[in-house]
Every structure is written in structure tokens, then in C-alpha cells.
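Here is the structure we will look at, set down as C-alpha cells.
The values are calculated or read from the model by the stated rules, or taken from the named source; none is laboratory data. Everything quoted here is computed from the prediction, not taken from an experiment. Neighbour counts run over all protein chains shown; Cβ positions are idealised from the backbone, glycine included.
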């Protein structure tokens with residue numbers, strides 16, 4: 001999605017709701033250069049319009065200069081959106097349905113007389129078109145000769161019904177994972193500030209490691225294990241590296257086992273004992289003997 005193209009399209013006025021919906025759908029899929037190539041069917045599904053309504057809107061947008069269509073053989077049509085070229089004055093005049101089939105003076109033709117296009121009027125009780133469809137369905141699109149992929153009078157197939165329980169499952173799982181990651185980082189950060197009197201560094205790499213840790217340990221236990229790791233692990237190597245998230249991830253399963261079995265805090269290393277040589281030196285000094 002290009003935010004620049006989208007921001008330029010939203011304020012535009014002088015178009016119908018369907019035309020604006022199709023334009024925004026194109027802008028949502030366009031690059032920063034304003035280029036996209038969605039199928040008409042895809043636009044129809046996104047905008048809740050029929051394919052015919054989408055075709056009409058695209059023709060109008062092309063007429064006013066805001067959309068340029070490039071018809072390519074054996075591939076999808078390419079669209080280029082140029083909001084700066086929008087000129088509502090070039091919009092084609094809307095045809096009134098009330099005047100369809102009337103004569104030059106607006107009056108309906110006499111019985112048996114041909115209409116404005118030279119075709120005889122339909123017989124009484126007969127459907128409007130040759131195949132029984134209303135006249136507006138049989139009318140070809142103004143730009144149908146340019147579109148090599150369009151099939152005239154092709155009915156719009158209804159969208160397949162969604163399966164029961166389908167949709168939202170992946171979104172819910174992702175939301176639960178994000179919530180677990182936030183809780184894990186909160187527990188880790190609180191314990192870290194308590195121990196080191198400083199906030200831990202957080203960046204994209206740290207976020208990735210936290211996510212991997214949560215996925216390895218589980219959503220429910222990850223926050224408790226992360227907090228326990230900072231608070232209770234006194235391993236010399238871990239302390240030298242200030243309980244980094246990478247060390248938590250490396251030993252994830254082991255730390256989880258220690259936490260689950262109620263392991264007590266690892267005792268801090270005892271201070272180094274003086275050697276006999278230094279002990280003797282101190283004793284000699286206190287005794288006033290030169291070593």
C-alpha cells in the first residue's frame with residue numbers, strides 16, 4: 001500500500017460512492033509509483049460491488065484522467081493512478097434511464113415504430129433483450145474493445161459461503177502470541193530493573209528472541225520463567241553477560257525445568273580464599289616480622 005497515493009485520493013470529490021470505493025481499492029494495492037494490477041473480480045470482492053459496477057467505475061475513472069489502464073495480452077491489466085490529473089469536467093454525461101427508448105424529442109416511439117437506434121421495439125410481454133436479460137445487462141461496456149479479457153454478459157458468480165468456524169483462527173493465534181510476548185517481556189524487564197537498576201535494551205533482535213522463547217516454552221509459562229531467570233540465576237557467565245535474552249533463549253528448556261521443579265536460587269560464588277603465601281605475609285606483617 002502506498003500512503004502517498006492513498007492520502008492523495010481520499011480528499012477527491014465529485015464522484016459516486018462506487019467510483020470512490022474502486023479508486024481507494026486500487027490505491028490500497030498500488031506502489032509508491034501508483035501502479036497495481038488487481039483483477040476485476042478481486043476489486044469486486046474487496047468493494048462489495050458487482051464486476052459490472054467495477055467495470056463502469058474503472059471506465060469513469062479513466063475518463064477523468066485519474067486512472068490509466070494498460071491492457072496486456074495473456075496477463076492482468078495494469079493500472080496507474082495519478083491523482084494530480086483528476087479532471088471532473090471530463091466525466092462522461094450520465095445517461096438517464098427515463099429517456100432510453102424514446103425518440104429525438106423525448107417522446108416514446110409510436111407502436112411498431114423503430115426506436116432511436118433503429119431497432120424495432122420489443123413485442124408486448126416480451127423481455128427487453130434477445131436472451132431475456134434487461135437491456136442494461138446486454139449493453140456492451142464503452143471500453144470493451146480494449147479489454148481482451150472481458151466477457152460481455154458474463155454473470156457474476158456468488159461468493160462461496162464461508163465454512164463454519166473458518167476465518168479468524170490464525171488471527172486469534174497471532175494475537176495470543178503477541179500478548180504472551182508482551183507479558184514475557186514485562187516480567188523479564190521488571191526483574192532486570194530490580195536486579196541491575198537499569199532498563200534492558202529492547203530492539204528488533206531482542207523482540208525476535210523473546211518470540212522464539214515464548215514459542216519454545218509456551219504462552220502460559222514463558223513470563224514466569226523469564227522473570228525467574230533474571231531473579232534467580234547466579235551463574236558467573238550469565239552474570240557477566242547481564243542475563244541477556246540470548247542466554248535465556250539458549251537454555252530455555254533447562255531454565256524452564258529448574259523453574260518448574262522449584263529449584264532454589266543458585267548460590268552466588270563464594271569470595272576467593274587467600275593463598276597460604278598471602279595469609280603468611282599478613283600474619284608476619286601483623287607480628288612485626290619482615291617477610
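Answer yes if at least one residue in region 244-262 is closer than 22 Å to residue 214 by Cα, at pLDDT 90 or above and not in a helix (DSSP H, G or I), and no otherwise. Yes: one or more hits.
The residue that is farthest from residue 71 (Cα to Cα), among those in region 1-46 that are in contact (Cβ under 8 Å) with a residue 60 or more places away in the chain and touching a strand residue (DSSP E or B) at 6+ places or on another chain (Cβ under 9 Å), is 8.
Considering the conditions (1) assigned to a helix (DSSP H, G or I); (2) at pLDDT 90 or above; (3) within 27 Å of the chain's Cα centre (by Cα), residue 188 is excluded by exactly one of them, (3). Taking the criterion of being modelled with pLDDT of 90 or more and within 18 Å of residue 87 (Cα to Cα), the only residue of region 28-56 that qualifies is 56.
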